[in-house]
1. Given the C-alpha centroids of the range 160-193 and the range 262-287, what is the distance between them in whole angstrom?
2. Going by Cα centres, the range 195-226 and the range 1-70 are how many Å apart?
3. Using a Förster distance of 25 Å, how high is the FRET efficiency between ILE20 and TYR269, based on the Cβ-Cβ distance and rounded to 0.05?
4. If I take R0 = 35 Å and measure r between the Cβ atoms of SER175 and LEU283 in this structure, what FRET efficiency does the formula 1/(1 + (r/R0)^6) give, to the nearest 0.05?
5. If a/c stays under 1.5 just call it rounded; otherwise compare a/b with b/c (prolate if a/b is bigger, oblate if not). Do that for the range 10-67, with a ≥ b ≥ c from the square roots of the Cα gyration tensor eigenvalues.
6. Is the chain best put as rounded, prolate or oblate by its Cα gyration tensor, with a ≥ b ≥ c the root eigenvalues, rounded for a/c under 1.5, and otherwise prolate when a/b is larger than b/c, oblate when not?
7. Among ALA90, ALA238, ALA201, which one shows the biggest mean-square fluctuation in a GNM of the chain, springs joining Cα atoms closer than 10 Å?
8. Could you tell me which trypsin sites (Lys or Arg not before Pro) in the range 202-287 are loop residues by DSSP with no more than 12 other beta carbons within 10 angstrom of their beta carbon?
Amino acid sequence: MIQLNSYTTVKRRERVPHDIFATYWRDVHGPLCSRLPGLGLYIQHHFDRNQDAHLWPLADGISEIEHYELDGGVEIGFANADDQKLFQEAASLLFSDEQNMFEETLAYDLPHGSQKRVNRLHDSTFNGADSVDRLHVHVSPRGSLAELHDYLSQELAAVLGSADDVLKLTLHLTSRFDNDGMHPPAPNVAHHASPAREELAIMEIAFASPLTRRAFFASDTFQRTLAGQAHHIAQLKAFAVSGLYTYVNDKTLTTAGLRGSRAAQLIEYLGANNQLNPEVEQLFLRG
């Protein structure tokens, strides 16, 4: 059971080509992070900057968060504070690697964890290009952050979660990001949030396809939520997910965490069951 969660936004270094960034993050940085002690959950969500411009309708009065581009989001979790401390004590190995592909990372605490409201996808250990139309919607409050959290969890999530077209809905209700400099000591990586990004809440929502999503947005069910969105949300930005890569789940290394994401895909594609034998896995764990 994961008790302590965080959600980290990541932006690649602009002069690192996207395919190089994505490959390094998946197959070099990912397995390194996965091997650190204490880790209970580790999922990379890769974003596509070039997907369609209709990811989420803006209700009257809501504006898009300006100058906000991301290349991914990361879920990190721990079973307890002792496990988190073990991870933090070893994490300098990880932070020294971030400068190779990240320009910026912002880690938001989730004091009440991630709220999994609906999941019909059975994707707890998914590894690969995303097979559905999945979005991460980042919203900033018009009033207080607490009021926004209440609205999302009690009103909007109730409507979205009950819709047949919504295949997954998870809320990441973050604490305020403090620009106090007390953040992971990753050299040459920025950890500063603009005013619009200091207070955020994040929704992960999935549909079968963009056509399903656009039809749902045009429905009376969604249109009736727009007034409430405008009352509670000042700004938002939606990001399209291109891939979902799970390295650690329930304190257990996945094949992606042990071998790298692409190696895990090849093993699954070829049905190479011999690669999953305990004797083989022990070789990769201990040599």
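1. With the range 160-193 and the range 262-287 each reduced to a Cα centre, they are spaced 32 Å.
2. 18 Å
3. 0.65
4. 0.25
5. Numbers: a/c = 3.05, a/b = 1.82, b/c = 1.68.
Here the range 10-67 falls in the prolate category.
6. Working: a/c = 1.76, a/b = 1.41, b/c = 1.25.
Here the chain falls in the prolate category.
7. Answer for the Gaussian network model of the chain: ALA90.
8. Here the trypsin sites (Lys or Arg not before Pro) that fit, given the DSSP loop and packing criteria, are ARG224.
Bear in mind these aren't lab numbers, they're just calculated from the coordinates by the rules spelled out. On a predicted model such as this, the values are computed, not experimentally measured, just so you know. FYI the Cβ positions are ideal-geometry reconstructions off the backbone, even for glycines, and counts take in every protein chain you see.
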